[in-house]
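*Asks:* Please read through the structure below; I'll follow up with questions.
The values are calculated or read from the model by the stated rules, or taken from the named source; none is laboratory data. The structure presented is a predicted model; accordingly, all values stated were derived computationally and were not measured. Cβ placement follows ideal geometry from the backbone for every residue including glycine, while neighbour counts extend to all protein chains displayed. All accessible areas refer to the heavy atoms of the entire protein, side chains included, with ligands and DNA or RNA removed. Shrake-Rupley method; radii C 1.70, N 1.55, O 1.52, S 1.80 Å.
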Amino acid sequence: METSLARDLISDEEWAFHQRFILTARARNGRKPLNRRLVLYGIFRIARMGPPWRDLPEEFGTWSSVYRRFRRWILAGLWEQIMNALNESGLVRCALQMIDSTVVRAHHQAAGAKRGTPRQGFGRSRGGFTTKIHLRVNGAGLPMRSDITPGQTSDYLGFDLVMADNLSEPCVLLAYRGYDSDKVRKAMEARNAVPVIPMRKTRKLRVAVDRTLYRLRNLVERCFNKLKNARRVATRYDKTAESFLGFIDITSIRLWLRHLST
């Protein structure tokens, strides 16, 4: 039986949207599937409130079952499929796009996964482990693509990661001066896009920037602020890059649905 808490976490409309993707990601054999809606409630609760999996209330089922389903959906590419469907829907114009990055602290217990910390997106700083989130946002301030790297990674690499996907090409790309390089400018010009990026102070040849247009870059900063309302995004507790990216995608999808519902 569904609880009032569960109904508060996800509406009937949101469940109907996710259900069509979840059914396509189910395994052909194995155990009898759990109540998928309750599992989705549990995952959303973990993403938003950030507790350990073991602290998940019993009303969502055993924590290990919810965690295993979360991992199966990640490995099946469920959240990536939903993000691709939203980007390809054409419901939001993508002529104006922007990119940016932010660094989040990683909990000390997040380290220790197999294959080493750099491959899982961990970097070292004086304060401990950090992860950098690279984000590509459309003109409505909604996430289009995200990726992670160790915290000390250059934004140039992040540009290649989020702009390499086969998404709608921008007509104008906004970015702060950390992305100012000949490689980035030539890449955007090859795509017939206008880069609106302030010049570094060391550059001798100056390029004018439309300051009125550049002010719209605050949309990506506001998007980061909304993403970090989810505690599993604001602080990294996950050992693997796949799980952390999964929580970023889950929060991004919910931002899309909230925008489209209004």
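*Asks:* Within region 136-155, is there a residue that is assigned to a strand (DSSP E or B), buried (at least 18 other Cβ atoms within 10 Å of the Cβ), among the β-branched types (Val, Ile, Thr) and in contact with a Phe, Trp or Tyr (Cβ under 8 Å, 6 or more places away or on another chain)?
*Replies:* Yes, some residue in region 136-155 is assigned to a strand (DSSP E or B), buried (at least 18 other Cβ atoms within 10 Å of the Cβ), among the β-branched types (Val, Ile, Thr) and in contact with a Phe, Trp or Tyr (Cβ under 8 Å, 6 or more places away or on another chain).
*Asks:* Related question: Could you tell me how many of the residues in region 189-208 are under 28 Å from residue 130 (Cβ atoms), buried (at least 17 other Cβ atoms within 10 Å of the Cβ) and either among the hydroxyl-bearing types (Ser, Thr, Tyr) or touching a Leu at 6+ places or on another chain (Cβ under 7 Å) (or both)?
*Replies:* Residues that pass the stated criteria total 1.
*Asks:* Could you tell me whether any residue of region 118-132 is without any contact (Cβ under 8 Å) to a residue 12 or more places away in the chain, assigned to a helix (DSSP H, G or I), farther than 30 Å from residue 171 by Cβ and not basic (Lys, Arg)?
*Replies:* Checking region 118-132: not a single residue is without any contact (Cβ under 8 Å) to a residue 12 or more places away in the chain, assigned to a helix (DSSP H, G or I), farther than 30 Å from residue 171 by Cβ and not basic (Lys, Arg).
*Asks:* Moving on. Restricting to region 214-224, count the residues that are open to solvent by less than 50 Å² (accessible area, probe 1.4 Å) and either aliphatic (A, V, I, L, M) or in a loop (DSSP other than H, G, I, E, B) (or both).
*Replies:* 2
*Asks:* To continue, here is another question. Looking at (1) in contact (Cβ under 8 Å) with a residue 24 or more places away in the chain; (2) buried (at least 16 other Cβ atoms within 10 Å of the Cβ), which is the one condition that is false for residue 229?
*Replies:* Failing condition for residue 229: (2).
*Asks:* Are any residues in region 156-188 closer than 23 Å to residue 84 by Cα and open to solvent by 80 Å² or more (accessible area, probe 1.4 Å), and if so, which ones?
*Replies:* Once the filter is applied, which keeps residues that are closer than 23 Å to residue 84 by Cα and open to solvent by 80 Å² or more (accessible area, probe 1.4 Å), region 156-188 yields 157, 166, 169.
*Asks:* While we're on this one: Name the pairs whose Cβ atoms lie under 7 Å apart, with the first residue in region 191-219 and at negative phi, the second among the acidic types (Asp, Glu) and open to solvent by less than 40 Å² (accessible area, probe 1.4 Å), and 6 or more positions between them or separate chains?
*Replies:* 197/180; 198/180; 199/180; 200/180
*Asks:* Against the definition (in a loop (DSSP other than H, G, I, E, B), out of contact with any helix residue (DSSP H, G or I) (no Cβ under 8 Å at 6 or more places or on another chain) and of a type outside the set (Asp, Glu)), how does residue 209 come out, yes or no?
*Replies:* Yes.
*Asks:* Looking only at region 225-262, count how many residues are under 24 Å from residue 109 (Cα atoms), part of a helix (DSSP H, G or I) and aromatic (Phe, Trp, Tyr).
*Replies:* Result for region 225-262: 2.
*Asks:* Continuing with the same structure: If we only count helices (runs of 4 or more DSSP H) wholly inside region 1-79, which ones have 1 or more residues that are at pLDDT below 90 and surrounded by fewer than 14 Cβ atoms within 10 Å (Cβ to Cβ)? Write out each step before concluding.
*Replies:* Values: elements: 4-9, 12-24, 36-49, 63-75.
The helices (runs of 4 or more DSSP H) meeting that bar are 4-9, 12-24.
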